[in-house]
Amino acid sequence: MKKAMLTLVFGSAIFLAACGGGGDKAATDNKDTAAEPDGKAIAMKSCVTCHGGELQGMGNTPALNNVGSRLSEQEILDVINNGRGAMPAGLIKGADAEAVAKWLATQK
């Protein structure tokens, strides 16, 4: 029993030590401004499964690597938020969805 309790205490201490730290440098460097989400990184992570590794389209899914020549940023955001055809609504939400729509609108 004592051995189990001792293991729990030391394990918790190691876990908390690993999770803590880092100081306040990050908090003071930001000056209360949150970084804008990276639309390209989010799209490349979230969209490649259906739209292909280069967003070139696959099967029945349209290409996104030139979607900006067909749709405006607002239209792209509408598709992300509300879905279209086989694409379900809300796969990306909020500021992330806005950042992806902004980046995809530049893809022409």
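A few notes on this one:
- Here Ile92 meets each of (1) under 12 Å from Ile42 (Cα atoms); (2) assigned to a helix (DSSP H, G or I) with one exception, condition (2).
- Restricting segment 65-89 to residues that are within 17 Å of the chain's Cα centre (by Cα) and not in a helix (DSSP H, G or I), the residue that is surrounded by the fewest Cβ atoms within 10 Å (Cβ to Cβ) is Pro88.
Since every read-out is calculated from the coordinates, none of them should be taken as a lab result. Just so you know, these numbers come straight off a predicted model, no measurement behind them. Note that we place each Cβ from the backbone using ideal geometry, even for glycine, and neighbour counts take in every protein chain shown.
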